[in-house]
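The values are calculated or read from the model by the stated rules, or taken from the named source; none is laboratory data. Since the model is a prediction, treat every value here as computed from it, not as a measurement. Neighbour counts run over all protein chains shown; Cβ positions are idealised from the backbone, glycine included. Surface accessibility is based on the protein's heavy atoms, side chains included, excluding ligands, DNA and RNA. Shrake-Rupley method; radii C 1.70, N 1.55, O 1.52, S 1.80 Å.
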Amino acid sequence: MVMRRTRTLVVILTVVMLLMGAVGGAAGGEIPSGPIKIGFAVPMSGTATSLAPDAGINAEIAVEYINKYEGGILGRPVKAYIYDTKGDPQTAVDVFGKLIENDGVEAVLGCLSSGTGLAIAPRVESKWKIPTLLLEATTMQMFTTAVPNPKYVFRIGPDDVMQSITHVKAVLGKKPDLKTIALGAPDYEWGHDVVSSFTKILKQLRPDVEVVYTFFHPFGEASPNFAAYITELMQRKPDVYVGYSWGTDGVAWHNQARAMGLYSRIPLIFDVFSGTAKGQLATEGVLGETRAGNCMFPPHALGYPNSKLAPMILERVGALPTYGMGVHMLTGMLYLKAAYEKAYDLTGQYPTPEMLAKTIDGLSIIGPCGITSMINHQSTAPGMAVGKLHQREDGLWIMEDMLIVPDYLRIVPPWMTVDEFIGKLGEIGQ
Amino acid sequence: MGANTRTGRMMPSYIDDRLIATIVLTAIAAVIPLFVSEYVRTLIQRCLLWIPPTFGVYIIYSLLRQVHFAQSIFIGLGSYIAAFLAGKYFVTSELLILLPLSLIVSIGVAYVLGIFIMRRTGFYFAIMGIAVTMAFWSLVYKMRQITGGSDGISDIKNPSLFGIQLGDQGLYYVSLVVSLGLILLMRRILHSPFSLQLRAISGDLQKAESIGIPVNGMRRLAFIVAGANAGVAGVLLAFSYNYVGPTTFAWEFGAHFVQAAIIGGVNYFVGPIVGAFVFVGLEFLVSTWFPNLWEVVIGVIVAVIVVTVGEEGVTGIVKDLFGRTLKRANLEERTYSDGK
Amino acid sequence: MFSMGLRYILNALPVVSYVILLSFSYSFLLYICGRVSLTFAGIYLVGAYATVSLSIALMGNSLSFAGFMGILLLASLLGAAMLVASYLCFERFLKTDVHRMVATSSLLLVFRGLVKVVWGTTPVTYSAPFLELGVSEIAGNIVPNYYLFMLGLALLLMLALAYFLNRTSWGMRFRASSLDGDRTMAQACGVNQNLVTLMTFAISGVLAGLAGGLYAPIAGAAYGSEANALLLAALSVIIGGVGSIGGAVLAAFIVGIVRAVAAIKMPVLELAVPFIIASVTLMLRPFGIWGKEFRY
């Protein structure tokens, strides 16, 4: 008797719950009113700040852009919750907790350094389950060992192999007759990662080129003196120098190398991030990448959305564009907007975090770097184009003679390991 | 003189009051995770784990009148021991093995460092602490094959106790028990002849030496006690974030414990506890309330506390405000008299 | 070989010159007033930002050497004013060394927070003097003239200070009040201690502000640069000894050159090497290479 009664109770309860679920589902079709909450966890103090300048202001700018020019997301205005991670992984975990558990944000953009990203990503996957767009955190470790099968974690910055393929191809394309090359990078994991993948790819494509000098300078000292490296570099006389210094390091490097005459002594210089500062003098003809200091606005994208974004950044920050912070923030916001609207259009329901995460993967948008797609949780731009810096008459720095490497040559397919893919690079075509 | 007043306070009725206060506070800490969201629990857990290293600073300060900036070395050692053994080169995540191991390593390293750090005093001791911390930091930062460099070590498994896997909640209670245990141990130590000898040393070096106190040995012992506290906390900190990076070795991190101790008030035994909670909580709240201005706010608060109440700290302010009600409670207990 | 050795010295010059000024700014205060104060690093930061923004505002990206010197003078006077103000409103209420260390280091936090509010964290640069003074060639090594200008100015200032302290009557009053002398005795003999303290703070501020302003064209004014400057200056004081002008110069050269050599020959040790030198100095000569034993 007791058994049967229990069973009836269970059946009734199940039916009731299913009904409630259906009602709830129907109610989910409506778009909630009020602003949509998006969290930003960015370094705004500590060492990382001088390397990610004015990250907070750039987050505000991206949100303001979405509200002002794109009509918000699904007609709802975006409300930003911007917190300071202090560049510290442990603080980042606490800050993410507050954003997700206390403020109830629906998605998070954040984490610049690989360390903070690596502390955050496993927790997002296992516990918080909220779409999280990492701004950089680009060491290969992220999607190989830390979160091998990501569901909620996405990355906007290009991974190290992707960008190195672009960089090697650009160097080979701009100076086909090079014999020797020198590399310099900041001394932290990303720097070592990027130099080793560059060397590996270069060995594959042009085994005859010799790497004559590789150095790693202290990372983020804020007032560095690079004279020792610069003189050493001039002694070795490479045909090409590829420099990965960024943020304040990049600014100081540019000033010092220019004053000591490095730019006139080495035939081709590729300043990947060619530093940004207020009052900075860039150098004509030096190669730069899409994230690079003064030239995040390649000519093919001068219309949408950059013609609106650039004045906003210039007005609030005073310099263009502060190490791609503006690029990353707006790219992330545009992904989110597209995902919300696509998910809503397809299902007629206000998207849950899971739906949102599924929708973000595979999206294509037009962002500050042109057309960019999210493939296997990895955004394809920035990091796909290299060009020569040139100052236009109106004072804006742009890139000329752009070399754009197509995505299919840069993205490691899921059935290959990174090393296998690099090994096949020569066959895929130049 | 300090000793007499202190033993005078060891009357049974006072102990009862203190015992009640301790039990009530512990009960609150034990029950709180049931009512708050997870991030608040993580934050409280962080406060709890900040107590032992802050006590280390407190011991060196209140007994020897020195500023101990090198606590982050031991936090880092403990954290990396957990990260290696329960993460990168997985051997075990058993806390009963990791905690004693970290304790032994911290004591060993503190013994060696103490030999030359503790010979210096004042400003030189402080700078020496920073210099040694930075040397450790750059070692960890540069040995990237082993330590993961700036990326740190992220795949730390959850800890287990007696072979049972602990969840986040379980780890919270372990942290509570460990820091409570260390607090009680520190209380015992501060009421032992050891602390009297240290006070004698900081009072008058020559006198202390002439009555047969092994000055250098005792100083080194104080350094070891401080380091061991931090080493134990380091293991649990690593588990509570499942991540360890070289920032745990940075001297700025060690400086935070000094600030926490000063804010809490170095004249009181509860100072480090109050300081850890106030500093971590205040820093987190202010930096999320005013993300652009928090440095100014925190800086001004600390500076004002130091200028106005000095060594009394927040505990002193609270005591002044509620002097009568708290008179017989825990806060009243002074652990040293400055003899001025 | 000679050219090689010279190369490291020349490469180290910018760091050497600003560390001379900054470390002496710190040790001068410690020597004369017996006060530990870390505020000088904040003054360094403000000096750098003030120099750069004044230069951009007044000269754009062009260079007028006299104008730049004028701006450097302004920046150092600003530094002096700020340090004196900080003493009058804040630091004189601090009783012990520990309080001074903790309180002034939180004051540093305030400084960098205010810099963030005023200038943001995007670095600002004015590099015209550095770029346009040109380069010279010394024994096959290229060295920007601005490095030589920096070193010259720093050494000149040190010489002037040495003359002031050792050859003038006011200098004698300073020395009488210092750790070498006896403050109470000096007071009894009619040396106005308040004035001496204020002047010490002013001189210290001038040195710190100038250090920031001089180095700014090379590395730009950047949020957070004060932490690195603070460490280098404190280590140089440890190595050179408190209150010694020769010690400050010697320690700055040691720190700068050893770092430049390590950067090329032993990159693993580049960051650690100043700390290692300081630790070894503390063990072998606790009061610095050129210093004397004081109460500290």
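Per-structure values
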read-out: Karplus 3J(HN,Hα) series, Hz, for the stretch C:169-175 with 6.51 cos²θ - 1.76 cosθ + 1.60 (x for Gly, Pro); value: 6, 5, x, 5, 4, 4, 5
read-out: For the stretch A:220-237 versus the stretch B:128-183, the gap between their alpha-carbon centres in whole angstrom; value: 36
read-out: Amide proton proximity set for A:Ile375, modelled H, under 5 Å, gap of 5+; value: A:Gly362, A:Thr380
read-out: Cα-based Kirkwood hydrodynamic radius, the stretch C:1-118, one decimal, Å; value: 16.3
read-out: Listed residues C:Met199, B:Met118 arranged by accessible area, highest first, probe 1.4 Å; value: C:Met199, B:Met118
read-out: Amide H within-cut-off set for A:Ala107, under 5 Å, with H built and near neighbours excluded; value: A:Gly39
read-out: Partner chain coverage, peptide C:272-278 - average Cβ within 10 angstrom; value: 6
read-out: The stretch A:45-109-the stretch A:162-207 distance, computed between alpha-carbon centres (Å); value: 33
read-out: Mean Cβ count within 10 Å, highest first, over the residues of peptides C:122-134, A:42-54; value: A:42-54, C:122-134
read-out: Longest site-free stretch - chain A; sites: GluC sites (Glu not before Pro), DSSP loop, at most 12 other Cβ within 10 Å; value: A:31-283
read-out: Separation of alpha-carbon centers, the stretch C:51-72 and the stretch A:397-429, rounded to whole Å; value: 47
read-out: Inter-probe distance in nm under a simple model that places probes 7 Å from Cα toward Cβ, at C:Asn166 and A:Asp208; value: 6.5
read-out: Label-to-label distance, nm, for residues given as A:Ser126 and B:Gln169 (7 Å Cα→Cβ offset); value: 1.7
read-out: Surface accessible to a 1.4 Å probe, C:Thr281 within the full protein complex, Å²; value: 20
read-out: Area hidden from solvent between C and A (accessible, protein heavy atoms only, 1.4 Å, total, Å²); value: 3300
read-out: From phi via Karplus (6.51, -1.76, 1.60), per-residue ³J(HN,Hα) for the stretch A:100-105 in Hz, x at Gly/Pro; value: 7, 8, 9, 7, x, 6
read-out: Nearest 10 degrees, 0 to 90: helix C:225-240 Cα axis against chain C principal axis; value: 60
read-out: Charge dipole of chain A about the Cα centre (unit charges at C-beta), most positive-ward option of A:Thr417, A:Met260, A:His217; value: A:Thr417
read-out: Accessible surface, 1.4 Å probe, highest first, among residues B:Glu209, B:Glu295; value: B:Glu209, B:Glu295
read-out: Order of exposure, largest accessible area first, which applies to C:Leu195, A:Leu109 with probe 1.4 Å; value: C:Leu195, A:Leu109
read-out: A:Trp190 accessible area, assembled protein chains, probe 1.4 Å, Å²; value: 10
read-out: Per residue convex hull volume, Cα atoms of chain A, in Å³; value: 151
read-out: Unit Cα scatterers, Debye sum, the stretch C:9-222: log10 I(q)/I(0) for q = 0.12 Å⁻¹; value: -0.66
read-out: Whole-percent carbon and sulfur share, accessible surface of chain C, 1.4 Å; value: 70
read-out: Accessible surface of the stretch A:127-221 [probe 1.4 Å, protein heavy atoms]: carbon and sulfur percent; value: 54
read-out: Prolate/oblate/rounded call for the stretch C:130-267, Cα gyration tensor, a/c under 1.5 rounded; value: prolate
read-out: Tensor-based shape of the stretch A:308-421 (alpha-carbon gyration tensor, a/c under 1.5 rounded, otherwise prolate or oblate); value: oblate
read-out: Chymotrypsin sites (Phe, Trp or Tyr not before Pro) restricted to DSSP loop in the stretch B:148-233 with at most 11 other C-beta within 10 Å; value: B:Phe162
read-out: Residue-normalised accessible area of the protein assembly as shown, given per residue in Å² at a 1.4 Å probe; value: 36
read-out: Reduction of at least 20 Å² in accessible surface, 1.4 Å probe, comparing all protein chains with the chain by itself, residues of the stretch B:23-40; value: B:Glu38, B:Tyr39
read-out: 5 angstrom amide H check on C:Thr121, placed H, neighbours 5+ away; value: A:Asp54
read-out: Accessible-area value, B:Leu95, 1.4 Å probe, nucleic acids and ligands omitted, Å²; value: 0
read-out: Convex hull per residue volume in Å³, alpha carbons only, for the protein assembly as shown; value: 192
read-out: Test item: B:130-139 mean partner chain Cβ contacts at 10 Å; value: 6
read-out: Note, ³J(HN,Hα) from phi for the stretch B:262-277, Karplus 6.51, -1.76, 1.60, rounded to Hz, x at Gly and Pro; value: 5, 4, x, x, 8, 8, 10, 5, 7, x, x, 5, 4, x, 4, 5
read-out: Cleavage-rule hits (chymotrypsin sites (Phe, Trp or Tyr not before Pro)) in the stretch A:327-373: DSSP loop, at most 16 neighbouring Cβ within 10 angstrom; value: none
read-out: Rotationally averaged projected area of chain B (alpha carbon convex hull; nm²); value: 17.9
read-out: For the pair B and C, total buried accessible area rounded to nearest 100 Å², probe 1.4 Å; value: 3300
